[in-house]
Structure formats: C-alpha cells, structure tokens
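All remarks here apply to the structure that follows.
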Amino acid sequence: AEALREARQALEDLELVERQKEMKQKVPVTVLTGFLGAGKTTLLNYILKARHGFRYAVIENEVGQIGIDNQLLHRSTMQRTSESVILLDNGCLCCTVRSDLVEAVKQILLKADTEAANSTAARAETDARVLDGILIETTGLADPGPVCKTFYADPELRMRTRVDGVLTLVDTVHFLQQLQRDRSEGSVNESAQQVAFADKVLLNKVDAAGLEQVAKVEDTIRAMNGICPMLRCSLAKRPGEIQLDELLSMESFSLEKVLEELQEDVSRPSKRPKHGAHVDHGHGDHGHGDHGDHGHGHGEETKFRHDTGVGTCSFVFHKPLVLQRFTQVMNALRAEHAVDLYRYKGVVCIKESSGLLRRAVLQGVHDMCEFEPRGDWTNSPPLSQLVFIGRKLDKEKWHKLFEKVG
C-alpha cells in the first residue's frame, strides 16, 4: 500500500511539472477594469510607452459608435504599437461571450506566431518571447466575469492563453460616491462588482484624497473583497512607481496559486477561524452557524454605510468533505446563483468513495468552475477552506449545506 501511494505521488509530481511547463507556454491575459474615470487609459498609456522591456498587446472595448478611448492613447504610442492595439466597439464586453473578442485575440496570436517564425528563420534559433501578455481594457460599466469565461469557452484560447487576473482601478476621490449613485431596482452597482471581481486593486488618485478618505475607501473595499491586495498610486503624476512585472504577474486563476495562497493563510494562527466558522466580510445578519458536535464558530462582519449587497463569505471545516455530496452542493449553488457568484476559490479535504482522503483545489467565475485533485491528504488533520465573493450571498443557508457535506 505504501509503495502504491509513493508511486501515485510520483506520478502527480510529474503531472505538476508538466502543468507548470504548459502554463508558462501560454500567453497571460490581464483584464483591466474600473469605473468611468478611474484611470484605465492613463495606465494603458504608461504601459505602452514606458521602456519596461515587455511586449504587450492591448484590446480596448468601448460602448458606442465612436471609439473615444482609442483616440485618447498618445499618438506617438499608437504609431509605435499600432499593430498591438485593437479597438472593439458597438457594445459592452460584459453582455455576452463576444465573437469579436475571440477573433481579436486570435489575430494577436497569429501575428505573434508569424513574428516568432520570422525571427527563427532569420536567426536560426531564439528564446525571446515576441508576446509577453495581452491586456483587455473593459468599459467602465463592464462585468469582468464573461470576459474571463471567454478564455475557457473557446478551445483555441483555452489551449494557448491563460487568464492571469482581474486588475481593478479605483478612483479614490469618487469611489464612495459611485457606490451611492442611483440605479434601477435590482440592478448591480458596477463599482462594487468590479471590486468584487478584483485579484488586485489599484487605488488611483491618492494624492488628491486625504489620508482619512483613503482609509475609508480601503475599509470599504476590504468589506466587499476580503482577499485582494491593494496598491496606492497616482498614475497621472507618478506612474513609474508601479512595478509592471508585479502588477501583470498575478497568476490568480492558477489552481497552484490558489493552493499556495490558502495554505499560507492557514499558517497564520491569528487568521485561522475556529472549526465550522464562517467569516462574513460583507452585509447581512450576524450569523451563528449550525455546528453540530464539532465545535462552535462565530461569523464576523465589517459593516459600512454604502450597502451594495456585495461581500466576501468564507467557510472553514476541520473534517473531510464527501466528494459526491460536495460536488452536488457546488453544482446547486452554481446553477441557482451563477449571476451573483462573482469569484470563488478553495482548498478542500475530499473523502472519496474508497475512503481515501485527497486534497482538491477549485476556483471559479459565475457558473464556470475548475475543480481538480492535488494529491493525497497526508500528515495533517483534515481542513477545508472555501471563499465566495459575490452579491446576496445566503451565508447561513450555505453554511448548513456545507456542514451536511461532511
């Protein structure tokens, strides 16, 4: 039995190496989002004209018949990178998985292939990348979810590209006002939604906002998205302070990165909730879950006065989760709450039908979910961590559902 376990582990280690090699060959895609006036075009201008040594292709999207944002890019920049900037208009990327987005990415990949082939023919052999990444700037009203899903829905894009992450720009001066703006009954607040989707947030225009204002904005964002890092910046005055290699190398959609991050969180005792606890960083009633005989946990919430209905909900269970039941619950949540489930990730201790305990990792956007095993669960007590970010999350009900999975 021990020899079989070691052989299986060796095979999984080999598969991990192959996955990492495959991921490195894929072109990373960064989705750049943020409300109107947050500074997306300013950031793009800097990326396109700065001599940072990277080669990025840019896809812009704008609602309307005339692409104004495309004209705002510096003329000298456009001349030098005209082949790398593609404008999509006449509609918002968030409305559907658009064929023109798919075609625009394929055009970029084709140009990169052609350039690579020409370089190889001219110099016999080259290790230089002709394309370091693709940046997609969405409109100020776009939902980043369908944009991310596009790269999983199309077979060629899934094979040749990978979503690196969602970068959200926030106008620190006006963000709290944007959360309060009038909107139709039941509609989504775009500013809150874009923050909820973020893998990283750039707090722009901090030079024009006081320290108290910046702190309020950071607390508000943390209440909606409890896991994304935030960086302060002043793109109009000091864009060079932003480290592009760090900004555009998030790997947030990598299951290996999810596993690494959640394992790091567990290693910090001060952040480790008690068994069965659910930690609510959004809105709703303060909850005490049904914890049975396994201990008692408390929900914790951070409230702020701009009620967007968007928040982070985390669950921690110190017991194995039965695989079949877990997949049933996750499939039900995805089916019933796809629109309001913005992002979710987790590392879980799964109990297979054979009784074997396995580690599994998941991450998803709306109803699109990746769920894969990552080796046997060995040398540590069972522990499962799940994080959901979205709108109108029913924390009490979900907690009871997951309790029954064990």
List pairs: first residue in segment 98-121 and modelled with pLDDT of 85 or more, second residue acidic (D, E) and open to solvent by less than 40 Å² (accessible area, probe 1.4 Å) anywhere in the structure, Cβ distance under 8 angstrom, at least six positions apart or on different chains. V102/D154
List every residue pair whose Cβ atoms sit under 8 Å apart, with the two residues 6 or more apart in sequence or on different chains, where the first one lies in segment 350-378 and is within 20 Å of G145 (Cβ to Cβ) and the second, anywhere, is among the hydroxyl-bearing types (S, T, Y) and not in a loop (DSSP other than H, G, I, E, B). L362/Y344; Q363/Y344; G364/Y344; V365/Y342; H366/Y342; M368/Y152; C369/Y344; F371/T327
Given E6, E12, E60, which one is over 25 Å from D143 (Cβ atoms) and either in contact with a Ser or Thr (Cβ under 7 Å, 6 or more places away or on another chain) or modelled with pLDDT of 75 or more (or both)? E12
Checked pairs for segment 213-240, first over 12 Å from G311 (Cα atoms), second crowded, with 18+ Cβ neighbours inside 10 Å and among the small types (G, A, S), C-beta under 7 Å and 6 or more apart or across chains, list as C228/A198; L235/G39
Condition first: closer than 27 Å to Y56 by Cα and hydroxyl-bearing (S, T, Y). Can you find one or more residues in segment 210-228 that meet it? no
From (1) more than 19 Å from S249 (Cα to Cα); (2) in contact with a Cys (Cβ under 8 Å, 6 or more places away or on another chain), pick out the condition that doesn't hold for V217. (2)
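Taking segment 17-45, which residues are touching a His at 6+ places or on another chain (Cβ under 9 Å) and not hydrophobic (A, V, I, L, M, F, W, C)?
Initially, segment 17-45 is screened for residues touching a His at 6+ places or on another chain (Cβ under 9 Å), giving 35, 37-38, 45.
The answer is G37, N45.
For segment 1-51, what are the residues that are part of a loop (DSSP other than H, G, I, E, B), open to solvent by 70 Å² or more (accessible area, probe 1.4 Å) and more than 27 Å from I108 (Cβ to Cβ)?
Looking only at segment 1-51, we keep the residues that are part of a loop (DSSP other than H, G, I, E, B), and these are 1, 26, 35-39, 50-51.
After this cut, where a residue has to be open to solvent by 70 Å² or more (accessible area, probe 1.4 Å) as well, the list is 1, 36, 51.
Hit for segment 1-51 is A1, nothing else.
Quick check: anything in segment 163-176 more than 30 Å from K21 (Cβ to Cβ), in a loop (DSSP other than H, G, I, E, B) and over 22 Å from the mean Cα position of the chain (by Cα)? Steps first, answer last, please.
Narrowing segment 163-176 to residues more than 30 Å from K21 (Cβ to Cβ): 168-176.
Then drop every residue that is not in a loop (DSSP other than H, G, I, E, B), which leaves 172-174.
Narrowing further to those that are over 22 Å from the mean Cα position of the chain (by Cα): 173-174.
Scanning segment 163-176, I find at least one residue that is more than 30 Å from K21 (Cβ to Cβ), in a loop (DSSP other than H, G, I, E, B) and over 22 Å from the mean Cα position of the chain (by Cα), so the answer is yes.
Every residue, every condition in (1) assigned to a loop (DSSP other than H, G, I, E, B); (2) open to solvent by 40 Å² or more (accessible area, probe 1.4 Å); (3) closer than 26 Å to Q9 by Cα, yes or no:
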| site | (1), (2), (3) |
| --- | --- |
| K319 | yes, no, yes |
| C349 | no, no, yes |
| S354 | yes, yes, yes |
| R374 | no, no, yes |
| Q385 | no, no, yes |
| L393 | yes, no, no |
Enumeration of residues in segment 122-144 that are modelled with pLDDT of 80 or more and assigned to a helix (DSSP H, G or I): P144
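Being in a helix (DSSP H, G or I) and small (G, A, S) is the filter; apply it to segment 223-265 and report the residue that is least open to solvent (accessible area, probe 1.4 Å).
We begin by selecting, within segment 223-265, every residue in a helix (DSSP H, G or I); these are 223-224, 239-241, 244-247, 255-265.
Subset that is small (G, A, S): 223, 240.
On the way: A223: 1, G240: 50 Å².
Among those that are in a helix (DSSP H, G or I) and small (G, A, S), it is A223.
The values are calculated or read from the model by the stated rules, or taken from the named source; none is laboratory data. Remember, it's a predicted structure, so these values are computed and weren't measured experimentally. We place every Cβ from the backbone using ideal geometry, glycine too, and count neighbours over all the protein chains shown. Ligands, DNA and RNA are stripped out before the accessible areas are found, and what is left, the full protein with its side chains, is counted by its heavy atoms. Shrake-Rupley method; radii C 1.70, N 1.55, O 1.52, S 1.80 Å.
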